[in-house]
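Notes to accompany the following structure.
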Amino acid sequence: MSSNPVAETVSSLMPRAKEELAALVAFKSVADFDQFPRSESVGAADWIASALRAEGFEDVALLDTPDGTQSVYGFLPGPEGARTVLLYAHYDVQPPLDEAGWDTPPFELTERDGRWYGRGTADCKGGVLMHLLALRALKANGGVPVHVKVIAEGSEEQGTGGLERYAEAHPELLAADTIVIGDAGNFRVGLPTVTSTLRGMTLVRVKVDTLEGNLHSGQFGGAAPDALAALIRVLDSLRTEDGSTAVDGLASDSTWEGLAYDEEQFRRDAKVLDGVELIGSGSVADRIWARPAVTVLGIDCPPVVGATPSVQASARALVSLRVPPGVDATEATKLLRAHLETHTPWGARVQVEQIGQGQAFRADTTSPAYRAMADAMAVAYPGQEMQYAGQGGSIPLCNTLATLYPEAEILLIGLSEPEAQIHAVNESVSPEELERLSVAEALFLRNYAAS
């Protein structure tokens with residue numbers, strides 16, 4: 001990174017940032033209060049609120065959102081007549097999954113091989129620190145040249161829509177000229193990238209019932225309808241022979257026109273085992289950014305250890321469907337529900353319950369804010385040009401903000417590059433990426449103010 005005062009300031013602040021990220025990662029802030037104490041999420045929200053107050057933010061508040069979680073809000077006034085920029089991140093995290101699969105404790109920040117490990121380091125507590133670093137660097141070098149609003153969400157990973165509903169009820173709160181969503185990631189470490197599209201998402205729970213109770217498989221098996229087998233069949237109907245998503249009535253042949261994703265690079269990024277084929281057809285970018293993707297997230301069934309010789313009377317699964325821009329998530333949910341009901345065999349009883357939903361998003365990459373970010377990233381990443389990529393994940397708030405503030409420019413950056421392994425065991429963040437993106441965000445705010 002070429003030497004400049006902002007970059008030098010961010011570099012000097014990195015040891016403090018590591019300590020603060022460690023403190024934030026220590027909160028087990030999973031917004032599933034049936035499994036994780038609400039006090040952990042409250043603690044993380046309080047920590048962010050205190051950090052904002054320490055930076056001179058006004059009107060800092062913990063917003064009680066309709067889904068029972070809290071979002072943290074603060075306003076930092078800039079020069080009179082300046083533009084307003086909203087900086088977004090979320091402090092809730094995914095569950096740690098198999099804690100035994102982590103090389104180090106998931107809620108304890110650990111440095112290893114030049115990366116910082118821990119749940120939320122990249123997705124998205126690191127995003128909170130990115131915003132703080134950028135603002136601190138500007139304050140140390142002439143001041144923050146725009147009005148800044150910060151919103152840190154408490155339930156993004158759950159997809160329960162708390163902040164979206166709150167924003168709709170209080171549309172003036174998050175109004176801004178430009179919105180920076182700090183919850184995406186570079187295409188790879190060292191390649192500055194803005195995410196220009198997000199797939200939408202619907203999440204459903206499907207339950208199949210066939211019997212009043214489990215039966216002895218020796219006495220009744222072969223004629224008694226097995227609910228688990230019926231569920232497996234209906235789930236298998238969601239894919240074609242090559243693994244492409246197949247939901248009746250849902251198109252799956254769109255193509256991606258932007259940054260290409262080399263198949264061998266994808267295999268390395270995804271850690272696909274030798275000899276195992278990728279699923280689907282078309283280019284990798286087509287499959288992960290431009291087409292629907294169904295994933296079975298979990299199945300309720302007896303574990304192998306302790307299983308009895310029984311025909312199962314009931315079985316459940318949690319199914320996620322990602323949809324590209326141009327596909328309405330509400331309509332996709334209807335199609336998924338109809339498909340599951342139609343393809344359930346043997347007249348088994350089936351119930352489909354929607355759990356969460358978010359619309360897809362496409363940014364306007366021709367806006368002045370994108371030019372300001374491109375110039376900033378060229379300084380933060382010497383010798384590199386800003387790239388445009390899609391993201392297979394969903395950030396439901398994006399479309400809510402785009403609807404509420406149609407004139408606002410929305411940019412998506414962040415720390416979730418492939419090596420970060422977000423949502424998996426051994427999630428980590430590159431401190432170099434945190435440093436460079438913090439510099440880029442600071443310079444962007446300065447460029448944008450002057451544009």
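Below is a table of values for the structure above.
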| item | result |
| --- | --- |
| Rounded accessible area per residue of region 344-433, 1.4 Å, Å² | 41 |
| Within the chain: Cβ-based charge dipole about Cα centre, in debye rounded to nearest 20 (Lys, Arg +1; Asp, Glu -1) | 120 |
| From the C-alpha gyration tensor of region 60-136, square roots of 5λ in Å | 31, 18, 8 |
| Gain upon complete extension [GLU168, THR366; 0.36 nm per residue less C-alpha separation] | 68.6 nm |
| Only Lys, Arg (+1) and Asp, Glu (-1) charged, at Cβ; region 317-451 dipole about Cα centre in debye | 480 |
| Spatially proximal lysines relative to LYS139 (Cα-Cα < 22 Å; intrachain offsets below 8 disregarded) | LYS18, LYS125, LYS149 |
| Whole-percent carbon and sulfur share, accessible surface of the chain, 1.4 Å | 50 |
| Cα gyration tensor, region 121-160 - rounded (a/c under 1.5), prolate or oblate | oblate |
| Å² of accessible area per residue within region 199-310, as computed with a 1.4 Å probe and no ligands counted | 58 |
| Tensor-based shape of region 242-348 (alpha-carbon gyration tensor, a/c under 1.5 rounded, otherwise prolate or oblate) | oblate |
| Computed over region 42-98: relative contact order in percent, which uses C-alpha pairs under 8 Å that are six or more apart | 29 |
| Residue-count net charge about ALA315 - beta-carbon cut-off 9 Å; Lys, Arg +1, Asp, Glu -1 | -1 |
| log₁₀ of I(q)/I(0) at q = 0.19, 0.22 Å⁻¹ - region 67-205, Debye sum with one point per alpha carbon | -1.33, -1.49 |
| Heavy atoms of THR342 accessible to a 1.4 Å probe, total area in Å² rounded to 10 | 100 |
| Linear extension gain, TYR388 paired with ASP64, 0.36 nm per residue minus alpha-carbon span | 113.1 nm |
| Value of relative contact order over region 357-435, rounded to a whole percent, pairs C-alpha under 8 Å and six or more apart | 30 |
| Gyration tensor (alpha-carbon) shape descriptor, region 122-200, a/c threshold 1.5 | oblate |
| For the chain: Kirkwood Rh in Å [reciprocal of mean 1/r, alpha carbons] | 23.1 |
| DSSP H segments from the chain that extend 27 Å or more along their own axis, Cα-based, with Kyte-Doolittle mean of -0.5 or above | 5-25, 431-450 |
| Relative contact order (%) - region 26-167, alpha-carbon pairs under 8 angstrom, separation at least six | 33 |
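The values are calculated or read from the model by the stated rules, or taken from the named source; none is laboratory data. The model shown is predicted, which means the values in this text are computed figures rather than measured ones. Using ideal geometry, Cβ is built from the backbone for each residue, glycine included, and neighbour counts are taken over all protein chains shown. Surface areas here come from the heavy atoms of the whole protein model, side chains and all, with no ligands, DNA or RNA. Shrake-Rupley method; radii C 1.70, N 1.55, O 1.52, S 1.80 Å.
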